[in-house]
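One structure is given below, encoded as structure tokens.
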Amino acid sequence: MAKGRHWVALWLVAFLVTTWLVYARQTAAIHAARELADLRARRANLDGHRADLERRIRAAESRAVLVPRAQARLGLHLPSDSEIVLVPAPSGSH
Amino acid sequence: MARSAVRIQVVEFGVLVGLALLVGRAAQVQILQGRRWAEEAQAQRTERIVLQARRGTLSDRHGTPLAVTQETYHVGIAPNELRDPVADGSLISRRLGLTAHTWQEALRRRYAYFAGPYSALEVQPLRSVRGVHLESVLNRFYPDPAVARATIGRLGDDGVGASGLERTLDSLLAGRAGAAVVLKDRAGREYESPARVIAPPVPGLDVVLTLDAELQEIAQRALDDALRRMDADGGDVVMLDPGTGEVLALASRQRDGTARPSAFTDTFEPGSLAKIFAAAALLSLRRVSPTDHVSGEGGKWRVLGRTITDDDPQPSLTLADAIRVSSNIAIAKFAARLTPGEQYATLRDFGFGALTGIEFPAEATGRLRPPSEWTRPSAASLAMGYELSVTPIQVAMAYGALANDGLLLQPTLIREVRDASGGVRYRHRPEPVRRVVSRGVVERGTGTEAALTNFPVAAKTGTARRVVNGRYAAGEYTASFAALFPADQPQLVLVVKIDNPHKGSYFAAQTAAPVTRSMLEQALAARTVALDRARLSTAAPRAAAAPADDDAGLVPYVVPWPYERDSTGVGGGPRRVVPDVAGFGMREAVRTLHRRGFRVALRGWGVAEHTWPAAGDSAAAGSMVTLFADPYAAARVRSRSPTPPPRGPRR
């Protein structure tokens, strides 16, 4: 009898351990999935932020914005070709 | 006892039958219908979803993104799941830009859906709000929507390229969608567990275009300004690299502000722009010599029942004069020395009447009729640029052939194709179509308004009457301009076309030429424009080395006269005036002589004293000029000449 009870207890323990392992694995997987989703969201957010900044930088650097401001605030003008001097690089320089 | 035994047997039989039925049913369900039930169960628990592939990026030649794919979101709201409808509602309305009325409407529904699409930045604060469900979707964005809009094109509602390069390159850009399986609960909601990927999505290839975003902006702004100033119906600008056939900028604009790709699709009669091709045919077939003159007929010539006129009558003209003053009479007379077949073949060789082969979904061939369909005046008309319709891109490529030693290249908009890891899958190599002629034609041209002070520009104007409903419309003109910059070893071909300017002059020299000048000046001053400044810097001090016989303001053509097939023309080149280099340092004196096309032999060292042939004499381009130098020459030169030789740029 005692031997049979031991077997039952052993099976019960094995069942509980297996169940706990499955539960723990599932829980860890769900946590990992949640973390992955959060990271993806953060990456998407950062990508969006970068794209927005690039767009704003490009808009600020565009001739449509820069030229009128340079003319109005700094008194600059678009140079005619006679005002552009291209200095030849010495031979052998990079 | 016997009765109980019978009862037991009955019960046993009943149990056996029951078990048999159970086993039979189990066999039916598991074995016979097993596949169907398994599929049904899987369908209830799982869902197959499509994983969108990221569409490839389109960028300019410097890597500036022109079309990118980004993750965006549709937003679903379940009002009954909101913890604090007032506070959450305020946040949601603010982030999604909803009016109070729209939000109240949403609250009355079981599930409100806002398609957006909303950017990651907009929805970021909503991620932690209970009751807000985000559905991510990849979307196409154009960081600067106005840049090369017609060339780049757009996607259709189905996400497939509908126009422009988005359409042509769709198979490269689209990538391949993947698939995954997700778990669902009884209510059909997805479990928060990772999806099982069946096939990963394959991202599309990234395409680096030949366009230069800064040149493109310069071209668009210059064209917009010109159309506004001239109150014109429309216009086009094409810029390309003659050495590679790479298109650097393409701007098209119509009066109503739309930007359809008319540089590829709309044809026009080139007028005087085409005279250069008749001249090329005459020279390559040796039907004219440098000294051949034809009469200018006092500016009016009646031939084959038709009167041809010149705006700038000349008593007599060489072929070079015919191009320089854009004489209709002279070019028509010279062109009579060609057979119709020769004239047709030359125009065809320059690419007219045929597709250029550029990677664009729509392109017009233009019209070049075969000689069998010509009328008697057709030869003269074609020489003057009439009875011929061309697209701006065809003209640019034909002038590119002149700049490229007569080699016609296939134009391209694609520089590189890269995979997602950055590996180059394709890189453009210049693709010759055919050799048209070996060298170009004339020494000078019209186009004063495009001339720069320091940088030589080779250019030709064209002003042609417009055809409306099959007839020439009174008072309507197309002004066009083709330029090679710089004239020596051109790096840019520019073609500007202005349709029907209403304000001011309609002549190309006063309309299209100043636009070209403005664009060139801006391109020179820009930091990132695709110009080889090292080569330009050696060509720059044109004023310092300006030949004495160079008329100020005229735009020189740089190709030797007379034309020499497949030769550099050494010894037989044009005669040029030897510049005065007395007092120059040796290096500067040698450079000055080289720029004038002479070879130099040195005698002595120090400061240049004199040359042989002497300054002011003429010598054939490519011939040897001996430079005599002396360390004490500077003092002697100063004593001879009170004014130092000009070295600065000529203004």
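The values are calculated or read from the model by the stated rules, or taken from the named source; none is laboratory data. Everything quoted here is computed from the prediction, not taken from an experiment. Cβ atoms come from the backbone with ideal geometry, glycine included; neighbour counts cover every protein chain shown.
At-a-glance table
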{"quantity": "Any hit, segment B:86-105, residues being surrounded by 10 or more Cβ atoms within 10 Å (Cβ to Cβ), within 14 Å of another protein chain (Cβ to nearest Cβ), out of contact with any Cys (no Cβ under 8 Å at 6 or more places or on another chain) and at pLDDT 85 or above", "calculated": "yes"}
{"quantity": "Segment A:31-74, residues that are under 19 Å from B:ARG527 (Cα atoms), facing another protein chain (nearest Cβ under 8 Å) and of a type outside the set (A, V, I, L, M, F, W, C)", "calculated": "A:GLU54, A:ARG58, A:SER62, A:ARG63"}
{"quantity": "Close pairs (7 angstrom Cβ cut-off, 6 or more residues apart or separate chains): more than 19 Å from B:HIS428 (Cβ to Cβ) in segment B:48-69, basic (Lys, Arg) and part of a loop (DSSP other than H, G, I, E, B) anywhere", "calculated": "B:THR69/B:ARG54; B:THR69/B:ARG55"}
{"quantity": "Verdict on B:ALA174 being buried (at least 24 other Cβ atoms within 10 Å of the Cβ) and of a type in the set (Gly, Ala, Ser)", "calculated": "no"}
{"quantity": "Any hit, segment A:13-34, residues being farther than 20 Å from B:ILE218 by Cβ, aliphatic (A, V, I, L, M) and in contact with a strand residue (DSSP E or B) (Cβ under 9 Å, 6 or more places away or on another chain)", "calculated": "no"}
{"quantity": "Residue that is surrounded by the fewest Cβ atoms within 10 Å (Cβ to Cβ), among those in segment B:295-317 that are touching a strand residue (DSSP E or B) at 6+ places or on another chain (Cβ under 8 Å) and of a type in the set (S, T, N, Q)", "calculated": "B:THR307"}
{"quantity": "Test: residue in segment B:301-320 that is in contact (Cβ under 8 Å) with a residue 60 or more places away in the chain and farther than 16 Å from B:ALA336 by Cβ", "calculated": "yes"}
{"quantity": "Selection within segment B:267-307 - under 18 Å from B:THR461 (Cα atoms) and among the hydrophobic types (A, V, I, L, M, F, W, C)", "calculated": "B:PHE268, B:LEU273, B:ALA274, B:ILE276, B:PHE277, B:ALA278, B:ALA279, B:ALA280"}
{"quantity": "Selection from segment B:173-195 of residues that are in contact with a strand residue (DSSP E or B) (Cβ under 7 Å, 6 or more places away or on another chain) and more than 12 Å from chain A (Cβ to nearest Cβ)", "calculated": "B:LEU173, B:GLY175, B:ARG176, B:ALA177, B:GLY178, B:ALA179, B:ALA180, B:VAL181, B:LYS184"}
{"quantity": "Out of A:LEU21, A:LEU66, A:LEU53, A:LEU39, sole residue that is in a helix (DSSP H, G or I) and touching a helix residue (DSSP H, G or I) at 6+ places or on another chain (Cβ under 8 Å)", "calculated": "A:LEU66"}
{"quantity": "Set B:ALA219, B:ALA226: member being assigned by TED's automatic domain parsing to the domain that holds B:THR478 and over 21 Å from B:ASP144 (Cα atoms)", "calculated": "B:ALA226"}
{"quantity": "Complete set of residues in segment B:213-228 that are away from chain A (no Cβ under 13 Å) and either under 21 Å from B:ASP170 (Cα atoms) or surrounded by 15 or more Cβ atoms within 10 Å (Cβ to Cβ) (or both)", "calculated": "B:LEU223, B:ALA226, B:LEU227"}
{"quantity": "Residue identified as of a type in the set (A, V, I, L, M) and free of Cβ contacts under 8 Å to residues at least 12 places away in the same chain among B:LEU407, B:LEU355", "calculated": "B:LEU355"}
{"quantity": "Check on A:GLY4, touching a strand residue (DSSP E or B) at 6+ places or on another chain (Cβ under 6 Å) and either surrounded by 13 or more Cβ atoms within 10 Å (Cβ to Cβ) or of a type outside the set (A, V, I, L, M) (or both)", "calculated": "no"}
{"quantity": "Residues within segment A:40-52 that are out of contact with any Lys or Arg (no Cβ under 7 Å at 6 or more places or on another chain) and farther than 14 Å from B:TYR142 by Cα, tallied", "calculated": "9"}
{"quantity": "Members of segment B:47-62 that are in a strand (DSSP E or B) and either charged (D, E, K, R) or more than 25 Å from the chain's Cα centre (by Cα) (or both)", "calculated": "B:GLU47, B:ARG48, B:ILE49, B:VAL50, B:LEU51"}
{"quantity": "Count - residues of segment B:268-296 that are part of a helix (DSSP H, G or I) and more than 15 Å from B:ALA396 (Cα to Cα)", "calculated": "7"}
{"quantity": "Those strands (runs of 3 or more DSSP E) lying entirely in segment B:452-534 with at least 1 residues in contact with a strand residue (DSSP E or B) (Cβ under 6 Å, 6 or more places away or on another chain) and modelled with pLDDT under 85", "calculated": "B:458-468, B:471-485"}
{"quantity": "Whichever residue in segment B:61-85 is away from every other protein chain (no Cβ under 14 Å) and out of contact with any strand residue (DSSP E or B) (no Cβ under 9 Å at 6 or more places or on another chain) and, among such residues, is modelled with the lowest pLDDT", "calculated": "B:PRO85"}
{"quantity": "Condition check for B:VAL129: farther than 30 Å from B:SER252 by Cβ, in contact with a Gly (Cβ under 7 Å, 6 or more places away or on another chain) and touching a residue at least 24 places away in the same chain (Cβ under 8 Å)", "calculated": "no"}
